[in-house]
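To keep things clear, I will list the structure first and then write my remarks on it.
Computed from the coordinates by the stated procedures, all read-outs in this text should not be read as laboratory data. Please read these numbers as outputs of a predicted model, since none were measured by experiment. Neighbour counts run over all protein chains shown; Cβ positions are idealised from the backbone, glycine included.
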Amino acid sequence: MATAAATSSKQTVLQYPGAAPSVSARIHPVVLFNICDAFVRRPDQAGRVIGTLLGSTSSDGTVEIKNSYVVPHNESADQVALDIDYHHNMFVSHQKVNPKEVIVGWFSTGFGVSGGSSLIHEFYSREVQNPIHLTVDSGFTNGEASIKAYVSASLTLGDRQLAAHFQEIPLDMRLIEAERVGFDLLKNTSVDKIPNDLEGMESSMERLYTLINDVYKYVDDVVEGRVQGDNNIGRFIAEALASLPKLSPTAFDKVFNDKIQDNLSLVYLSSLTRTQLSIAEKLNTAAQIL
Amino acid sequence: MPLQKDQVTHRNGGTAVQPQKNRLITALMRRHVARTMLLPLLTKLTYQHTFPQQKYKYSFSPIVVPSETLFAVLSRARARKKNPRQHRLVPPPSPSAMANPATGRSFLQAMTSVEEVAPPLRVVQMEGLAVLKIIKHCKEFSPALVTGQLLGLDVGSVLEVTNCFPFPTREEDEELEADGANYQLEMMRCLREVNVDNNTVGWYQSTLLGSFQTAELIETFMNYQENIRRCVCIIYDPSRSNQGVVALKALRLSDSFMDLYRSNNFNGEKLREKKLSWVNVFEEIPIKVSNSALISAFMTELEPDSPVTQCDFDRLKLSSAPFMERNLEFLIECMDDLTAEQNKFQYYYRNLSRQQAQQQVWLQKRRQENMQRKAAGEEPLPEEDPSNPIFKPIVEPSRLDSYLITNQISNYCNQVNGAAGQGFSKLYLMKALHEN
């Protein structure tokens with residue numbers, strides 16, 4: 001990008017930080033949802049939404065982005081105005097709930113980094129040391145969803161700052177919480193009911209069954225020579241099979257029966273309690289001594 | 001009593017839960033109740049300032065059911081399957097009353113008239129964003145219990161929850177009033193500026209293994225109900241998410257219970273009159289989850305359908321013992337409470353019968369006296385004597401507590417049943433695997 005041009009005098013040299021920064025970011029799904037929701041609700045004349053990212057920084061340089069809020073702003077061709085009071089108020093409010101979350105950067109929707117962004121980035125670098133700039137491409141340019149995180153390093157020519165260089169940093173999008181909730185809840189536009197425990201159990205077992213089937217078919221294919229066997233996969237399968245604990249049939253039966261009996265006694269206990277409850281209620285409200 | 005952070009004791013430095021869970025809950029709810037006293041002020045603010053905006057929200061905003069005209073709302077309400085357990089207080093709007101677009105009524109008039117004839121609440125529709133926020137907040141602070149506010153819209157028979165914000169946990173009660181109020185007002189104001197619906201439609205709270213039915217919950221409900229026509233309480237249980245279950249529940253007080261509560265009368269006869277048993281205190285409303293198209297596009301793109309997720313790992317875990325143990329612990333405590341309540345009733349009945357026996361004896365004596373007086377020609381004395389202490393009516397103890405406890409117990413039983421059912425399937429699976 002920028003060429004390291006040295007001027008005639010020895011003092012002013014164009015500083016170009018070439019080394020990749022050692023920062024990486026991890027984002028929680030709440031943030032993504034918040035940004036998309038804010039984008040959908042933006043006022044009609046705004047082209048994009050801008051907001052603050054909250055989170056924490058761990059000791060090894062990984063920044064964890066846990067929360068976010070939108071900040072109203074005005075953008076014209078050459079000017080950017082950000083509502084600083086609002087930003088501050090929201091930050092104070094969020095601090096009341098969770099004092100451990102601090103400002104770690106800011107986000108904007110839209111593809112790529114624009115000129116106005118550098119001004120906003122400057123503002124945020126006054127709040128926190130090395131702010132992260134997150135772009136969420138809601139327009140799906142290039143036909144794909146791109147979420148990128150940048151840190152900025154400034155290009156200085158002696159004392160004068162020329163430009164800000166936004167370098168992309170690795171972004172970890174492991175949506176573990178979303179996985180926990182269940183992707184089908186979050187992917188579809190509408191889900192009619194949240195699965196209760198037995199239904200969830202059923203779907204998990206079905207998935208397990210399909211997995212086992214796939215592995216079985218794969219092994220069959222390799223044995224019959226239809227598919228070239230991959231040693232790594234073979235090793236994984238062997239490991240998985242070996243991790244089944246080796247119990248003698250009698251020992252296993254004993255453990256199994258014990259567990260079954262425990263469970264049965266619990267079910268019996270809970271049914272007993274419920275019967276007791278209905279009896280107690282009848283006694284309480286039916287008796288009337290007058 | 002004020003809740004100190006170190007009141008949460010952990011036995012064995014591990015995962016055991018504090019024995020004073022009830023006090024924890026009541027302290028938390030007391031704070032929440034005090035906070036919600038600000039609700040009148042809050043809703044006045046929001047309705048005053050946002051109701052005109054709301055009118056536009058319905059027509060122009062891209063998120064809220066924008067293009068849904070009055071007909072669509074009403075036809076949806078009518079077309080939905082009838083749920084026999086709902087208590088219908090208001091008949092559904094008759095077709096002739098509302099289906100008049102050409103009468104030239106203004107939008108505002110039409111909106112207000114809909115509010116009077118409201119179809120009963122059938123489903124709570126939550127946005128994925130609200131669900132994730134609730135989960136995040138509750139999980140971060142578990143095992144402490146937290147609450148937060150739900151924001152959204154009330155449309156026909158669907159209560160939409162589109163956003164939420166958490167309440168800060170306070171340690172001392174003195175700063176509660178001013179600070180809590182300020183925080184709430186500030187958040188609502190800020191959210192309004194970015195076009196988030198800031199109608200309060202209820203609140204959410206986290207719970208520990210389902211022990212949320214307390215008198216404070218009912219109090220909070222009554223407070224909310226005075227100001228907001230339809231509100232709901234969402235309960236999330238972060239401890240059950242270790243089992244792979246999204247333990248989200250939407251609760252409402254049933255209407256008959258609310259009437260009874262207002263009259264503050266929980267005698268046996270009243271309850272039998274209204275046929276109100278402990279099952280009818282709380283109503284659970286099914287939750288639907290919806291997402292905007294943008295976010296579902298993002299999610300589909302970012303996370304391809306993987307064959308197995310963390311959720312499955314959690315569900316297929318074989319050790320359910322800690323969960324069952326805790327459940328049983330709570331169950332035992334609750335049974336103790338229930339027996340205490342029942343003892344109260346027995347005591348009351350015993351006293352009542354004793355008092356009646358005394359009354360009879362006294363009446364006999366009076367009658368004898370009267371006969372003697374009549375024989376002597378004097379005026380008979382009255383047969384009642386309100387100043388006599390044996391005629392003082394004994395107050396019947398309220399059954400509210402026993403109802404709540406019964407609800408809790410049934411909740412625990414349900415959970416135990418569910419977990420045991422899961423345990424059975426897992427065990428048989430293990431057996432099948434082992435045999436192969």
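Taking the Cβ-Cβ separation of A:Ala77 and B:Lys392 as r and a Förster radius of 60 Å, what is the calculated FRET efficiency to the nearest 0.05?
Numbers: r = 85 Å, r/R0 = 1.41.
It comes to 0.10.
Select from the range B:189-265 those chymotrypsin sites (Phe, Trp or Tyr not before Pro) which occupy a DSSP coil region and have at most 13 other Cβ atoms within 10 Å, ordered by residue number. Don't skip to the answer; put the middle values down first.
Values: sites: B:Trp203, B:Tyr204, B:Phe212, B:Phe221, B:Tyr224, B:Tyr236, B:Phe257, B:Tyr261; in loops: B:Phe212.
Answer in residue order: no site qualifies.
In nm, what is the difference between 0.36 nm times the number of residues separating B:Tyr347 and B:Glu378 and their Cα-Cα distance?
Working it through step by step, the gained length comes to 7.0 nm.
If I model a spin label as a point 7 Å beyond the Cα along the Cα-Cβ vector, how far apart are those points for A:Glu122 and B:Arg262 in nm?
In this crude label model, A:Glu122 to B:Arg262 measures out at 6.1 nm.
To one decimal place, what orientation-averaged projected area in nm² is obtained for the convex hull of the Cα set of the range A:210-290?
Approximately 9.7 nm², given one-decimal rounding.
Take peptide A:145-151, look around each residue's Cβ out to 10 angstrom, count Cβ atoms belonging to other protein chains, and average those counts.
Going residue by residue through A:145-151 and averaging, the value is 2.
In what sequence, highest mean first, do B:321-334, A:63-76, B:346-359 appear when ranked by Cβ atoms within 10 angstrom?
Descending mean neighbour count gives A:63-76, B:321-334, B:346-359.
I'd like the mean, over residues of B:184-191, of how many other protein chain beta carbons sit within 10 Å of each residue's own Cβ. Don't skip to the end; give the middle numbers.
Working: counts 1, 0, 5, 7, 0, 2, 11, 3.
Taking the mean over all residues of the peptide, I get 4.
Let me confirm one metric for peptide B:284-291, namely the mean number of other chain beta-carbon atoms within 10 Å of its residues' beta-carbons.
5
As a quick test, which of the pairs A:Lys100/B:Lys133; B:Lys344/B:Lys365; A:Lys96/B:Lys136; B:Lys133/B:Lys288; B:Lys133/B:Lys249 have an alpha carbon distance above 23 angstrom in this structure?
B:Lys344/B:Lys365
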